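Working notes, beginning with the structure itself.
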Amino acid sequence: MKIGVLALQGDVREHIQSLSDCGVDALAVKTISEIQSISALVIPGGESTTIAKLARSFDLFDLISDRIKSGMPTYGSCAGMILLANNIKDAIEGQESFGGIDMVVRRNAFGRQIDSFETDIKFKGITEPKIRAVFIRAPWVESVGSEVEVLAEVTDPDGVNHPVAVRQGNLLATSFHPELTGDNRVHRYFVENICNQLATF
Ligand code: GLN
């Protein structure tokens, strides 16, 4: 199975490393033929507005969006989560997302209190120890549709819980950056519970 990491902007190399550590064939993708050739996609952390604009200008936007909607396993971290959301709050004017997950995501949500932070979280489907979650100008999920499973949450300084990892079918999104910690269990979850499940059909 070939897994592409969308290489328009963001921390592409770190995702390739995490996927390679899981024993899969991972490569940077940024052309139409490369995106047609992969069986799963990772959308890295970075800047969602920039990634969306570059995808438009390189004529990749509709291809990616269509492949996601037709079931290609896709994992987005941070900016990647925003790009998988059907609905974005605090978007810049005209900001587009590929969509696919029935959720409302708020950009830079923690930023009103704290810009960047790390914490240990429980992640449904991944056994303990907890996952070290690195948040960098991160979004959180404000609401989800009935098809969306919440896998992890954090409590904000006001004591309110917010989903920070969600799954809908073949789509996985996290507000945080597991690619930055050297712990590849979230990538392994994506590979084993989503990508490899498909290959068995
Ligand atoms: N705030 C960024 C955005 O809106 C996401 C930050 C990140 O990916 N670390 O795209």
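Key figures for this structure:
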quantity	calculated
Yes/no for ALA91 being open to solvent by 20 Å² or more (accessible area, probe 1.4 Å) and aliphatic (A, V, I, L, M)	yes
Residue that is nearest to the ligand (Cβ to nearest atom), among those in the range 1-35 that are closer than 20 Å to TYR189 by Cα and assigned to a loop (DSSP other than H, G, I, E, B)	ASP11
Residues (within 13 Å of the ligand (Cβ to nearest atom) and acidic (Asp, Glu)) located in the range 60-95	ASP90
Residue in the range 161-178 that is away from the ligand (no atom under 11 Å from the Cβ) and open to solvent by 70 Å² or more (accessible area, probe 1.4 Å) present	yes
Residues of the range 50-76 satisfying the condition of being under 21 Å from ARG167 (Cα atoms) and of a type in the set (Phe, Trp, Tyr)	TYR75
The range 1-26 residues that are under 17 Å from PRO178 (Cα atoms), paired with ones that are more than 13 Å from the ligand (Cβ to nearest atom) and of a type in the set (Lys, Arg) (beta carbon under 7 Å, 6 or more apart)	CYS22/ARG188
Residue in the range 36-54 that is assigned to a helix (DSSP H, G or I), within 24 Å of ASN184 (Cβ to Cβ) and away from the ligand (no atom under 16 Å from the Cβ) present	yes
Test: residue in the range 55-65 that is buried (at least 19 other Cβ atoms within 10 Å of the Cβ), within 13 Å of the chain's Cα centre (by Cα) and among the hydrophobic types (A, V, I, L, M, F, W, C)	no
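Matching residues to (1) within 14 Å of the ligand (Cβ to nearest atom); (2) open to solvent by less than 80 Å² (accessible area, probe 1.4 Å); (3) acidic (Asp, Glu):
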residue: SER97; (1), (2), (3): yes, yes, no
residue: GLY100; (1), (2), (3): no, yes, no
residue: MET103; (1), (2), (3): no, yes, no
residue: PHE117; (1), (2), (3): yes, yes, no
residue: THR127; (1), (2), (3): no, no, no
residue: ARG132; (1), (2), (3): no, no, no
residue: TRP140; (1), (2), (3): yes, yes, no
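The values are calculated or read from the model by the stated rules, or taken from the named source; none is laboratory data. No experiment lies behind these values; they were computed from the predicted model shown. Cβ: placed from backbone, ideal geometry, glycine included. Neighbour counts: every protein chain shown. Surface accessibility is based on the protein's heavy atoms, side chains included, excluding ligands, DNA and RNA. Shrake-Rupley method; radii C 1.70, N 1.55, O 1.52, S 1.80 Å.
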